[in-house]
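> Let me give you the structure first, and then I'll get to my questions.
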Amino acid sequence: MDLYAALTTTGAIRDFTAAPVDDATLAHVLDVARFAPSGGNRQGWQVIVVKDPIVRRGLRDLYLTGWYDYLAQRAAGLTPWSPLADRDAEARAVVGAPGIAASASPDGFAERLHEVPVLLAITVDLAELAAVDRDLDRYTFAGAASVYPFAWSVLLAARDVGLGGVLTTMVIRREPDVLALLGVPDGHAIAALIALGHPVKSFSKLTRGPVSSFTTVDRYNGDPFGSDGSNGGGA
Ligand SMILES: Cc1cc2nc3c(=O)[nH]c(=O)nc-3n(C[C@H](O)[C@H](O)[C@H](O)COP(=O)(O)O)c2cc1C
């Protein structure tokens with residue numbers, strides 16, 4: 001499909017028809033996604049196609065604990081797990097998680113995660129990451145940039161063959177359990193679970209801030225760039 005259309009309309013899809021995705025299609029999607037960039041071209045990702053119903057259920061259960069904590073933090077007006085979060089406020093918020101879990105619909109995406117047509121676990125070999133911010137005195141994230149472009153390419157490649165999906169990170173809250181469940185060796189991390197399938201609804205317009213809301217000239221507080229809010233504008 002047209003690259004512009006793909007980039008501007010590939011949103012998170014969490015509702016799938018019952019139609020299966022055959023292995024050949026999935027293999028094609030991964031064959032396209034493997035051209036994603038990574039620091040030093042180390043390609044430290046590993047994909048586990050999770051088919052075993054018991055393992056799928058296990059991942060769903062691990063996802064749910066993080067999910068209800070997430071909802072509880074959102075309900076309290078927090079940005080869940082921000083590196084700069086007020087940990088006390090966060091702790092107070094997650095007290096509400098069991099109540100949210102108790103009243104959750106059994107038909108939610110999270111509750112039915114084990115039923116998605118395709119469930120991919122994306123792990124990463126930490127030894128292969130160029131984590132250039134490793135030694136800074138702040139939360140580090142540069143290493144993640146060597147695996148999430150791949151995950152995004154999976155979603156774009158899936159889109160190109162008519163599939164939709166969503167990148168999820170909730171299970172990272174339970175990483176030791178996830179790694180044990182999937183038999184992942186030491187020195188590796190879980191980066192994401194990706195759900196894929198045939199979308200129930202067609203793709204629609206995405207809600208994103210205009211260029212001028214996140215782009216400035218010369219300094220962080222410089223003049224907004226792209227004041228027309230669309231494509232960069234100009235002098
Ligand atoms: C790093 C990252 C982590 C995410 N984690 C989750 C997740 O755990 N569960 C989920 O349902 N969606 C997750 N998402 C999907 C986002 O919620 C989604 O991309 C965002 O809300 C925009 O949605 P839209 O594309 O439909 O507008 C994640 C997305 C990213 C990029």
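> Between a first residue in region 193-214 that is without any contact (Cβ under 8 Å) to a residue 40 or more places away in the chain and of a type outside the set (Lys, Arg) and a second residue that is more than 10 Å from the ligand (Cβ to nearest atom) and part of a strand (DSSP E or B), which pairs have beta carbons less than 7 Å apart while being 6 or more apart in sequence or on different chains?
Short answer, once both residue conditions are applied: Ser212/Pro224.
> Somewhere in region 54-62, is a residue within 15 Å of the ligand (Cβ to nearest atom), on the phi < 0 side of the Ramachandran plot and basic (Lys, Arg)?
Checking region 54-62: at least one residue is within 15 Å of the ligand (Cβ to nearest atom), on the phi < 0 side of the Ramachandran plot and basic (Lys, Arg).
> Name the residue, out of Val21, Val55, that is in a helix (DSSP H, G or I) and of a type outside the set (Lys, Arg).
Just a single option satisfies the conditions, and that option is Val55.
> Can you spot a residue in region 115-129 that is in contact with a Gly (Cβ under 6 Å, 6 or more places away or on another chain), of a type in the set (Asp, Glu) and within 26 Å of Ala180 (Cβ to Cβ)?
yes
> Here's another thing I want to ask about it. If Thr140 meets every condition in (1) without any contact (Cβ under 8 Å) to a residue 60 or more places away in the chain; (2) away from the ligand (no atom under 14 Å from the Cβ); (3) in a helix (DSSP H, G or I); (4) open to solvent by 30 Å² or more (accessible area, probe 1.4 Å) apart from one, which number is that one?
Going through (1) without any contact (Cβ under 8 Å) to a residue 60 or more places away in the chain; (2) away from the ligand (no atom under 14 Å from the Cβ); (3) in a helix (DSSP H, G or I); (4) open to solvent by 30 Å² or more (accessible area, probe 1.4 Å) one by one, Thr140 breaks only (3).
> Could you please tell me which pairs satisfy a Cβ distance under 9 Å, a separation of 6+ or placement on different chains, a first residue in region 99-112 that is in a helix (DSSP H, G or I), and a second residue that is loosely packed, with under 15 Cβ neighbours inside 10 Å?
From residues that are in a helix (DSSP H, G or I), the pairs are Ile100/Ala75.
> Go through (1) away from the ligand (no atom under 11 Å from the Cβ); (2) closer than 20 Å to Thr8 by Cβ and name the single condition Asp135 misses.
(2)
> Which residues, taken from region 158-176, are open to solvent by 10 Å² or more (accessible area, probe 1.4 Å), more than 8 Å from the ligand (Cβ to nearest atom) and assigned to a helix (DSSP H, G or I)?
Arg159, Asp160, Ile172, Arg173, Arg174, Glu175, Pro176, listed by residue number.
> Which one of Trp67, Trp81 is open to solvent by 60 Å² or more (accessible area, probe 1.4 Å) and in a loop (DSSP other than H, G, I, E, B)?
The conditions single out Trp81.
> What about Pro53, is it closer than 30 Å to Ile100 by Cα, surrounded by fewer than 13 Cβ atoms within 10 Å (Cβ to Cβ) and free of Cβ contacts under 8 Å to residues at least 60 places away in the same chain?
no
> Follow-up. I'd like the full set of residues that are under 18 Å from the mean Cα position of the chain (by Cα) and open to solvent by less than 40 Å² (accessible area, probe 1.4 Å), limited to region 85-116.
Correct list: Gly108, Phe109, Ala110, Glu111, Leu113, His114, Val116.
The values are calculated or read from the model by the stated rules, or taken from the named source; none is laboratory data. Fair warning: this is a prediction, and the values are worked out from it, not measured in the lab. With ideal geometry, Cβ positions are generated from the backbone for all residues, glycine too; neighbour counts draw on all protein chains shown. Calculation scope for accessible area: heavy atoms of the full protein, side chains included, ligands and nucleic acids excluded. Shrake-Rupley method; radii C 1.70, N 1.55, O 1.52, S 1.80 Å.
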